[in-house]
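*Asks:* Would you mind keeping the following structure in view while I ask a few things?
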Amino acid sequence: MTELSQVSTHSKTANSATAIGVIAVFLWSCLALLTTLTAGIPPFELLALSFAVAFVASLVVLGRRGIAGFRSWRQPWSVWVTGFVGIFAYHALYFFALKAAPAAEASLIAYLWPLLIVLLSTFSSGERLRKRQLLGALLGLAGTAFIMQLRTADNVAAAPIAGYLAAFACALVWSTYSVLNRHFREVPSSIIGGICGLVAVAGLVCHLAFETTVRPDFSQWAAIIGLGLGPVGLAFFAWDHATKHGSLAMLGALSYLAPLISTLLLIAIGQTHASPMLILPALLIILGAVIATVQRRTNI
C-alpha cells in the first residue's frame, strides 16, 4: 500500500504541475497579440521594458517575505546561465521575428517549439525516434514550408527571410531550454524573478548599442505592462514549475492549443485575415505535433 500511495502521490503532483503549465500556454497565446500592440517600439527596448516589469513584480512578491524570500536565488552558475540564455535568446529572437515578418506567419513558425519538445525529450530519455514522431516532425516542417511559400515568387526579394529564420531559431532555443530545465527540478521557480532582471539588463544593453529609443505612448505602455505581468511574467513561473515536475509529453500536447488561440486573437483585432492559406499550415503543424505526442504518451 505504501508503494501504491507513493505512486499515486507522484502522479497527482505531476498532473498538478502539468495543469499549472496550462496557465503559461494560455498566456503565451496572447504574446503575439500584445507584441503587435507595441508596434514602433524597437525589439530590444521592448525586451528590456517588459522584463523589467516582470522583475519589479517579482521583487514585490518575494519582498513580502523579507530577505528569506530571496534565499532561493542562491543557486549554481549553471542554473542562472541556462535560464538566462534560454529566456533571453528566445525573446530576443521572437520579438525580432514579429518585427521583421508578418505576425501570424512568424508566430506559427515559432510555435514549432511544442513539437520540438516532444522530439528532444525523446532523445534525452535515450529512446529511439518512432515512425509516428518522425511523421509528426515532417508534417510540422511541411506547415512551416507552406507558410514561407505564402509569398509569391515575384516577392522573393522582399520576403522577410531573416524574420522566418529568427522565428525557427526561437522555437529551437525554447524547446532545448524546456528539456534541459528538467535537470534543475530541485531549484525553486522563484529564481525566475532574478533571471527576468538579468534579461531586462541584457535587453537594455543591446538596445542602447543597436537601437534608437522610442518613448512609448499610453496604449504601448499598457501592452508592455500586460506583457510583463503575463506572457513574460507569470507564464515563466508557471512553465518553470511545470517543466520541472510535470509531464513534458502532455505539456507538448497542450501547447498546441497556443498557435490556434494566438491566430484567432490576431484575426479578432484585424492583424491578419482568416484565410485558408493561413489556416492550412496551422493545422499541419498542430496535426504533426499531436501525432508525435500521442506516440510519445503511449510509450510512457
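*Asks:* Counting only the heavy atoms of the protein chains, how much of L287 is accessible to a 1.4 Å probe, in Å² to the nearest 10?
*Replies:* Result for L287: roughly 90 Å² accessible.
*Asks:* For the stretch 181-242, what class follows from the C-alpha gyration tensor (a ≥ b ≥ c being the square roots of its eigenvalues): rounded when a/c is under 1.5, otherwise prolate if a/b is larger than b/c, else oblate?
*Replies:* Note, shape of the stretch 181-242 comes out oblate.
*Asks:* Then there's this: Mind checking the dipole of the stretch 16-293: about its Cα centre, +1 per Lys or Arg Cβ, -1 per Asp or Glu Cβ, Debye to the nearest 20?
*Replies:* Dipole magnitude for the stretch 16-293 comes out near 740 debye.
*Asks:* Now for a separate question. Along the positive direction of the dipole of the stretch 16-293 (beta-carbon charges: Lys, Arg +1; Asp, Glu -1; about the Cα centre), which of V187, L265, G288 reaches farthest?
*Replies:* Looking along the dipole axis, the top candidate is V187.
*Asks:* So which trypsin sites (Lys or Arg not before Pro) in the stretch 42-73 are both in a DSSP loop and have at most 13 other Cβ atoms within 10 Å of their Cβ?
*Replies:* Hits after loop and neighbour filter: R64, R65.
*Asks:* Another question, then. Decide, for the stretch 18-99, between rounded, prolate and oblate: order the square roots of the alpha carbon gyration tensor eigenvalues as a ≥ b ≥ c, take rounded if a/c falls under 1.5, and otherwise choose prolate if a/b is larger than b/c, else oblate.
*Replies:* prolate
*Asks:* From Cα coordinates alone, what are the radius of gyration and Dmax values for the stretch 16-293 in angstrom?
*Replies:* Answer for the stretch 16-293, Rg first and Dmax second: 18.3, 61 Å.
The values are calculated or read from the model by the stated rules, or taken from the named source; none is laboratory data. Just so it is clear, the model here is predicted, and its values are computed rather than measured. Cβ atoms come from the backbone with ideal geometry, glycine included; neighbour counts cover every protein chain shown. Accessible surface areas use protein heavy atoms only, side chains included; no ligands, DNA or RNA. Shrake-Rupley method; radii C 1.70, N 1.55, O 1.52, S 1.80 Å.
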